[in-house]
Structures are given as structure tokens and as C-alpha cells.
Amino acid sequence: MSNNASTIMNDAVALHPWQRANHLTSHNNQLMIDGVNTCDLVEQYGSPLYVFSEAKLRKNATEILTNFRQAHPNTTVCFASKANSNITVLQVLREAGLSIEINSGGEFIKAQTAGYATQAIVFNGVAKLRSELELVIAADIKAINVDSLSELERILSVAQAIDNCANVTLRIIPEIKAGAVSGWETGTSSSKFGMTREEQITAITLINEHSDHLTMTGIHVHIGTQVNDASAYQKQAEFLIAYAREVSELLPYPLKHINLGGGYPKNYSSSAENWNNVSPHYCDNYRTDIGFDAIADILIKPVANALGSNIEIIVEPGRSMVSDTAILLTTIEASKIRQQNAVFYLDAGYSVLFDIFSGWYFHMVNASKSDDTATQLCRIVGPLCDSSDTFHDIEGEGRIKSLLAMMPGLSEQRAILETVLLQQPSLRELPISTKTGDIIALLDTGAYGLEMMNQYCGRQAAAAVMVGSQKSSRLIRRRATVDDLLHFDVY
């Protein structure tokens, strides 16, 4: 790695090693995914392009089911479809044995379209519409995870109106702090999620008073996403065991299930070695030693041992099911030199991969020159007419610059400022030979990418393909057209 970054706050995450056996490899100096040449995929389907691995989707589903059911056979894995509700992806996960968690009426329709049985569906969310509740209560889904007293009252009203009984699970606030960034913490009263203990007691009273139209099936806790702290799962298990016993004394029937939520962490590079030359706090966010086997031991097993073999344990993983199943292929359209570093402009920015807007890190490989080891430090940016359209934390860098201008004495505390304010390193490492026209692959883009695409600056949404057996590929989402840009306008 070169060291020409004196004006930039951090070195880059090391490019090598990036390969993943039997999944991401190189052939003739070009990136392969499941044996399929990525540059050929761009030639066939265009750029930018999401590429999903059917084999990796099935492997992830098998891995979580195997580990969790070894700890507790009566475990149901409900894929959090907000992470990726592409119909083909949902169908693959259903075929692999997963149930599904939805967050809206729209996701309910997508789940039905993908073939999920209604008793395989749980409904999350904080502001469920009456029309959505009418759909799911009439369909008799497995459970509605209730987020507030006002929502429970609305559920009761709908159930009475259609004379059906709603299966409800109450979401409690455990006051457990967890998650990669503050915006992804959902287990404390400072977040917008869940009910207090006092609110739940009131809710249980209401449920007991209206047993013809409300059945309490379980309790629900979700503490965050990309939770990379084993002690947080231990606290969650302890909380749920005690609270399940407390709630059971208030009900005339036993609880059917305990919903543990999701938030399980995934790695955002191929090796911990990639992070050796950057601040440790980046590694804390984007690397983990906590796999499904560890979560089974820390979380699933204690709950099962304490509450018995009859209780159903539900989990709602999203990111951990799909993040490492896809890459995003994007083309370098322009370049320039700034602050002694090359700057490369991709045809995919945050309109295609919205998580970069919040400073999230995705490892990059030059798919056109995947074996090259002579490298440079550079900046990578997107095509949008927006200064925030960058593959570095421009907002964090700006805050540090402003603080140091206002309080120069803080320069001695710069390392602390970077730890608090920067979510990813400021530079990328790519081959020295990188040039306009090369294909860049962003790894681990299977979660939230398709769901959060938008048409800002008139950019047309990317296509997506699925790589399957026999080194085949098929389109699972078409590329948007100019006509799509006009679809919702009335003129």
C-alpha cells in the first residue's frame, strides 16, 4: 500500500485478501462469483448491476437453521423481508425452510406472492395502518408484534369490526444498548420502538378483557442491528427469561412463543487482516467473531433451557441472511487527482446503494484487475449532484474539520474525535492500474440495497441478477427505464 495520504485522516482498509473460497474468486485477472465472470455479467446486463448468489442464500439459511435448531428444535426463523423483498430472493429463502417477518401491507403482499403461508408470517412495525391490519387479521397470520397501546386498541377495533381474533405479541423495551451505530439501536426507551413494562401490563389487561378478539401469543424483544457484543445477547436472554415468567402469571393460558428479534452481525470484508492498518473502532463495526453457532449458545440455548422444550422461539434475521449473498458491479466513468490522490467516479452512488449516505463501509475490488497487487490509495465517489455522494464519511470528516477550526486545542484529541465521528476510513486501496472503464465490485451489498434504491437526479434503478447452478444467471429485477421516471407524475 502506498502512503501518500498526509492530508487525509485515515489510511485505507487493505484490499487483499478479498477472495472467498467457492464463492468470490479470480480467473484471468477478473472477478468471478460462483464461477461466473462478473465483467461478462456487466456486458450482458449493463451497469450498475446487483449480482446475487443462490448458493450463498441457501447456505446461510441452512447454517442458521442447523445451529439454532440444534440448540432448540422448536425454533422458527422468520427472514426480515425489509432487508430484501425481491420475490426471487424470498422464494429461495422459503424453499430453504425460512418463514418471514413483514413490516407493511406491501411486504405482506410480496410474502404472499413469494408463496409464504399465512401462519409463516409475523408482522412488525410501529405505525401499522388500519387497512394493513384488516388484511393480516383476516388472513389469520402467525402474530402481529404490537409496538404500542394505541396500536393494540386499533388492532382490537379491526378484529371486532371483522369479527376475527388477532394473534398479538407484545414488544417490550429491555433497556439494552446494542447496535453498530446509534440509529440502529432499538432496545432502549430512547428509540421509537416498544412498550414499557407498565404499558404492557395495561395491554395484557385489555387482551384478557377481549379474549374473543385478542390472543396474546408471545413477547417480543429486538435490541438492534449489527450487534457485535456477546454481553448484549446474554442480557437479552436474562431479560426475556425473567419477563416471560412474569407475563405468564398474568395470562389464563401459556405463551406460545418468545420472539428474540434479529440484528445478528455479519462481516464486511473477507478477513480481519484487512483492518490491521486502520483504527480498531472500524473493525468493531464491520468485523465480527459472533456467528450463528455463538448466538445459539449465548441466546437460544439459555432461553430454551429456562422456558422449556414446548415454547417456540422465533428469530427475525435480515442482514445476516442476505448481506454477503450479493455484490454490486459498477463502472468507473471518470477520474481526476485531488490532494495528491486519484478520485474515481462510479456510475453507482447512494441512489443505488443508499447505505453509503450514512457512511456505511463496503469493501471494493477491481473486478477488471482482480489479481493486481500493486496498489494505490484513492477516493471513490458516486455520480450524483450531491457532495454527500461519496464512499467515505464526508460528513464525519467535515465535523472534525469544523471542531478543530473552532477549538484548535482539540487537535491533540484527534484520534478520539475520529473514533466518535468517523464511520469508515477516508481512502480506498485499489490497483495502481485502475482506470476509467474498469468494473468495480462492492462486496456484501445484499441487504437493503434493492429496497432503498431511488431515482434521485433522474438516475434509473439498477438491475439485479441471480447466479445459480451450472454457472447460469437470470434476471430477477429489470433495470428501470426513462418511462419509469415518469410513472408517478400526473401531467
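The values are calculated or read from the model by the stated rules, or taken from the named source; none is laboratory data. A quick note: this is a predicted structure, and the numbers were derived from the prediction, not measured. With ideal geometry, Cβ positions are generated from the backbone for all residues, glycine too; neighbour counts draw on all protein chains shown.
Within the stretch 476-487, residues that are in a loop (DSSP other than H, G, I, E, B) reach no partner that is surrounded by fewer than 12 Cβ atoms within 10 Å (Cβ to Cβ) with beta carbons closer than 7 Å at six or more positions or on different chains.
Exactly one residue among L15, L65, L49 is surrounded by 15 or more Cβ atoms within 10 Å (Cβ to Cβ) and assigned by TED's automatic domain parsing to the domain that holds T375, and that residue is L49. Quick check on A441: is it more than 17 Å from D11 (Cβ to Cβ), buried (at least 22 other Cβ atoms within 10 Å of the Cβ), in contact with a Gly (Cβ under 7 Å, 6 or more places away or on another chain) and not assigned by TED's automatic domain parsing to the domain that holds K82? So A441 does not fit the description; no. Scanning the stretch 433-446 for residues that are part of a loop (DSSP other than H, G, I, E, B), over 10 Å from F344 (Cα atoms) and not acidic (D, E) yields S433, G437, T445, G446. Selection of the stretch 308-327 for residues being closer than 12 Å to F52 by Cβ and in contact with a Leu (Cβ under 6 Å, 6 or more places away or on another chain) yields T325, I327. Residues in the stretch 52-74 that are assigned to a helix (DSSP H, G or I), within 20 Å of I300 (Cβ to Cβ) and not charged (D, E, K, R): N60, A61, T62, I64, L65, T66, N67, F68, Q70, A71. Give me a count of the residues in the stretch 234-284 that are within 23 Å of A21 (Cα to Cα) and not basic (K, R). Of the residues in the stretch 234-284, 13 are within 23 Å of A21 (Cα to Cα) and not basic (K, R). When R94, R130 are screened for being over 30 Å from T202 (Cα atoms), of a type in the set (D, E, K, R) and outside the structural domain of A348 (by TED's automatic domain parsing), only R94 passes.
Taking the stretch 121-134, which residues are in a helix (DSSP H, G or I) and crowded, with 17+ Cβ neighbours inside 10 Å? The answer is E132, L133.
Checked against (1) in contact with a Lys or Arg (Cβ under 8 Å, 6 or more places away or on another chain); (2) at pLDDT 95 or above, A334 meets all criteria but (1).
Has the stretch 404-415 got at least one residue that is closer than 26 Å to G318 by Cβ and either assigned to a loop (DSSP other than H, G, I, E, B) or not assigned by TED's automatic domain parsing to the domain that holds N60 (or both)? No. Looking only at residues of the stretch 75-108 that are in a loop (DSSP other than H, G, I, E, B) and free of Cβ contacts under 8 Å to residues at least 60 places away in the same chain, we find that the one that is nearest to the chain's Cα centre (by Cα) is N103.
All conditions in (1) touching a residue at least 24 places away in the same chain (Cβ under 8 Å); (2) part of a loop (DSSP other than H, G, I, E, B); (3) more than 22 Å from the chain's Cα centre (by Cα) hold for L430, with the sole exception of (2). Of the helices (runs of 4 or more DSSP H) contained entirely in the stretch 220-315, those carrying at least 2 residues that are over 17 Å from V77 (Cα atoms) fall at 230-248, 280-286, 301-307.
Just so you know, in the stretch 221-252 the residues that are of a type in the set (G, A, S) and free of Cβ contacts under 8 Å to residues at least 40 places away in the same chain include one that is nearest to A143 (Cα to Cα), and it is S248. Considering the stretch 26-46, the residues that are of a type in the set (A, V, I, L, M, F, W, C) and not in a helix (DSSP H, G or I) include one that is surrounded by the fewest Cβ atoms within 10 Å (Cβ to Cβ), namely V36.
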